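Asks: This structure is in structure tokens; I'll ask about it shortly.
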Amino acid sequence: MKKIILKVSLSFTVSLASVPVFAGGFALNEQSISGMGTGFAGRSSSAEDASTVYGNPAGMSRLKREQVSVGAATLLAKSDISHTRSTFGGEQDGNMVPVTTVPMGYYVKPIDEHWAFGVGFYVPFGLITDYGSGFAGRYYANKSEVTTLTFQPTVSYAFNDKVSIGFGPTINRISGELSAMVPNAFSPGTNDGKVKSTGDDTAYGFNAGILVQATERTRLGMTYHSMVSYHLDAKTKLTNGTFSLLGLSGQSYDASLDVDLPESVDLSVTHQVTEGWTLYLGSTWTRWSRFKELTAQTTGLPAILRNSLGTVTEAENWHDTWAHAVGTSYQLNKQWVLRSGFSVDQSPTNNTNRGPRIPTGDRSVVSLGVGWTPADYITVDFAYSYLWEESVKVNQVSTTRGTYSSRYKNSANGFGSSVTYRF
């Protein structure tokens, strides 16, 4: 009986430790409020403010004045969960995502006619879901809270007024707190145990880009965001339920997991149609196919279990994705610019391996934005976006955790604001 319980809990350890990777399936776009207004179309070719440090570091060459941009986006998400079936019963919880705020900040300083320097702070990936202990799928997911924070020092070089390049190493910090309930081996569905994992790591990558002024009215941009490889050191704690009866409640085990957040390439075009109208187009490819499976190594186990449970693997089978966006802006006058955009984004998950931690499908997003420049040294940007996803099915089956299946339909509202100050 003890071996069965430990096997259940340690298989949870893999799931929990792997959630930071799954957070990539929730890759965040909110690194620029001006870009949010156009649905992030033209992200690597617009270079409208200091947030180009992320969008395309080569774009710093277009900023002729020293400037600082700071902002935040607030996300309100909702899931419509229906057609739920669970071996052990429980609640359908469509409000499992709390209100979340994503910060960002950038600084750019032109050095001479060729060189510029900048730094950026932003959140490229994130996930937070909290179903509660009574959730019907509690043995597969309870709480997931994972954050990545990136700091990026950057330089750009303009060969001439047509072509510039940029490069910046990234220092990336990932941390998470994740939990799941564990069925009572003696009385499934009652007096559940709990597994809680916490882990973190710091890893390095880089962003690089090129910007080309192809014609007087058209700019082309390409940005490469590198893969970032993490080695997570985690602690997994067992509490309550059968763990108490077996004398395991309060016990912790060391675990580790090597994961890669995938590289991506953004291609975009910015075209000034008239004096007032500008058109933005963009596509982003992300190499999610790296996630075929995840393997966790666990230490500190009793000797009799080391061979069977020291290494646990779970299949993921994600696939590469494309996101496409189109946007426009209209310069109403010297003080006001209006923005709009529409984008579509593929989900990397599949119907076989999709779980309740990342129950995401292909998404569509509409965006609106406005920029206000009351004086030449300051601009205030506002943006709103509405996201909806296709309906997807989650179907989990386990001999120890029972069956959980549901249909999810997710949506979200996003509100963003930023201030850019020029010296």
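Asks: Which distance in nm do the two modelled labels at Asn95 and Gln297 give, with both placed 7 Å along the Cα-to-Cβ direction?
Replies: 4.4 nm
Asks: Something else about it: Could you work out the percent of alpha carbon pairs in the stretch 174-291 separated by over 24 Å, rounded to a whole number?
Replies: Numbers: 3895 of 6903 pairs.
Roughly 56 percent, once rounded to a whole number.
Asks: In addition: Tell me, what ³J(HN,Hα) does each residue in the stretch 110-123 have, in order and in whole Hz, if you take phi through Karplus 6.51 cos²θ - 1.76 cosθ + 1.60 with θ = phi - 60° and put x for Gly and Pro?
Replies: Whole-Hz 3J(HN,Hα) from phi for the stretch 110-123: x, 9, 8, 6, 10, 9, 9, 10, x, 9, x, 9, 7, 10.
Asks: Across the Cα atoms of the stretch 122-168, what radius of gyration and what greatest pairwise Cα-Cα distance (Dmax) are found, in Å?
Replies: For the stretch 122-168, the Cα-based Rg and Dmax read 20.9, 62 Å.
Asks: Evaluate the Kirkwood expression for the hydrodynamic radius of the stretch 2-422, namely the inverse of the mean inverse distance over all pairs of different C-alpha atoms, and round to one decimal in Å.
Replies: Numbers: mean 1/r = 0.0444 Å⁻¹.
Its Kirkwood hydrodynamic radius stands at 22.5 Å.
Asks: Near Lys237, which aspartates and glutamates are there with a Cα under 12 Å away, not counting those fewer than 8 places off in the same chain?
Replies: In chain and number order, the partners are Glu177, Asp254.
Asks: Also, I was wondering about something else. For the stretch 364-376, what does the Karplus curve 6.51 cos²θ - 1.76 cosθ + 1.60, with θ = phi - 60°, yield as ³J(HN,Hα) per residue in whole Hz, taken in order and with x for Gly and Pro?
Replies: Here the 3J(HN,Hα) series is 10, 9, 10, 9, 9, x, 8, x, 10, 10, x, 8, 5 Hz.
Asks: Another one. How about the stretch 80-164: which trypsin sites (Lys or Arg not before Pro) there lie in a loop by DSSP and see at most 15 other Cβ atoms within 10 Å? Provide the component values of the computation, followed by the final result.
Replies: Values: sites: Arg85, Arg138, Lys143, Lys162; in loops: Arg138, Lys162.
Passing sites in the stretch 80-164 are Lys162.
Asks: What chymotrypsin sites (Phe, Trp or Tyr not before Pro) in the stretch 126-180 are in a loop by DSSP, with at most 10 other Cβ atoms within 10 Å of the Cβ? Let's see the in-between values first.
Replies: On the way: sites: Tyr131, Phe135, Tyr139, Tyr140, Phe151, Tyr157, Phe159, Phe167; in loops: Tyr131, Tyr139, Tyr140, Phe159.
Passing both the DSSP loop test and the Cβ count: Phe159.
Asks: Can you compute the label reach from Ala315? Point 7 Å from Cα along the Cβ direction, backbone N cut-off under 14 Å, restricted to the stretch 278-302.
Replies: 292-294
Asks: I need two numbers for the stretch 144-231: Rg to one decimal and Dmax as a whole number, Cα atoms only, in Å.
Replies: Over the stretch 144-231's Cα set, Rg and Dmax evaluate to 22.7, 74 Å.
Asks: With Cβ to Cβ distances under 13 Å as the rule, what net charge do the other residues near Leu281 carry (K, R +1; D, E -1)?
Replies: Details: positive: Arg43, Arg219; negative: Asp266.
Overall, the nearby charge balance is +1.
Asks: Here is a further query. Compute the Cα gyration tensor for the stretch 295-423, then decide on rounded, prolate or oblate, letting a ≥ b ≥ c be the square roots of its eigenvalues: rounded whenever a/c is under 1.5, prolate when a/b is larger than b/c in the other cases, and oblate in all that remain. Don't skip to the end; give the middle numbers.
Replies: On the way: a/c = 3.90, a/b = 2.28, b/c = 1.70.
Prolate, since a/c reaches 1.5 and a/b exceeds b/c.
Asks: For the chain, what is the charge dipole size about the Cα centre, in debye to the nearest 20, if Lys and Arg each add +1 at the Cβ and Asp and Glu each add -1 at the Cβ? All intermediate terms of the calculation are to be shown ahead of the outcome.
Replies: On the way: 34 positive and 34 negative charges, 189 e Å.
For the chain, the charge dipole is close to 900 debye.
Asks: Mind listing the Cα extents of the stretch 48-177 along all three principal axes, in Å, largest one first?
Replies: The Cα atoms of the stretch 48-177 stretch 67, 23, 22 Å along their principal axes.
Asks: Further question on the same structure: Just list whichever of Lys143/Lys235; Lys78/Lys194; Lys196/Lys393; Lys78/Lys143; Lys235/Lys292; Lys292/Lys409 have alpha carbons separated by over 19 Å in the model shown.
Replies: Working: Lys143/Lys235 16 Å; Lys78/Lys194 25 Å; Lys196/Lys393 26 Å; Lys78/Lys143 16 Å; Lys235/Lys292 24 Å; Lys292/Lys409 25 Å.
Table pairs above 19 Å Cα-Cα are Lys78/Lys194; Lys196/Lys393; Lys235/Lys292; Lys292/Lys409.
Asks: Farthest toward the dipole's positive end in the chain, which of Leu245, Thr321, Ser343, given Cβ charges of +1 (Lys, Arg) and -1 (Asp, Glu) about the Cα centre?
Replies: Value: Leu245.
Asks: Stretch Ser249-Asp362 to full length: gain in nm at 0.36 nm per residue minus the Cα-Cα span? Numbers along the way, then the final one.
Replies: Details: separation 113, 0.36 × 113 = 40.68 nm, distance 4.06 nm.
Fully extending the segment from Ser249 to Asp362 adds 36.6 nm.
Asks: Residue farthest toward the positive end of the dipole of the stretch 2-422, with Cβ of Lys/Arg at +1 and Asp/Glu at -1: which of Gly361, Pro169, Val155?
Replies: Gly361
Asks: Please arrange Arg354, Arg173 by how many other C-beta atoms lie within 10 Å of their C-beta, fewest to most.
Replies: Working: Arg354 24, Arg173 14.
In order of increasing Cβ crowding within 10 Å: Arg173, Arg354.
Asks: Give the longest segment of the chain that steers clear of GluC sites (Glu not before Pro) in DSSP loops with at most 10 neighbouring Cβ atoms within 10 Å, not counting the sites themselves. If you can, show how the numbers build up before the last one.
Replies: Values: sites that count: Glu216, Glu275.
That gives 1-215 as the longest site-free run.
Asks: Under the classification rounded if a/c is under 1.5, otherwise prolate if a/b is larger than b/c and oblate if not, where does the stretch 378-418 fall, given a ≥ b ≥ c as square roots of the Cα gyration tensor eigenvalues?
Replies: Working: a/c = 8.22, a/b = 3.42, b/c = 2.41.
Prolate is the answer for the stretch 378-418, as a/c is 1.5 or above and a/b outweighs b/c.
Read-outs throughout are calculated quantities, based only on the coordinates presented, and are distinct from any laboratory measurement. Note that this is a predicted model, so its numbers are computed, not measured. Here the Cβ is made from the backbone with ideal geometry for all residues, glycine too, and neighbour counts use every protein chain on show.
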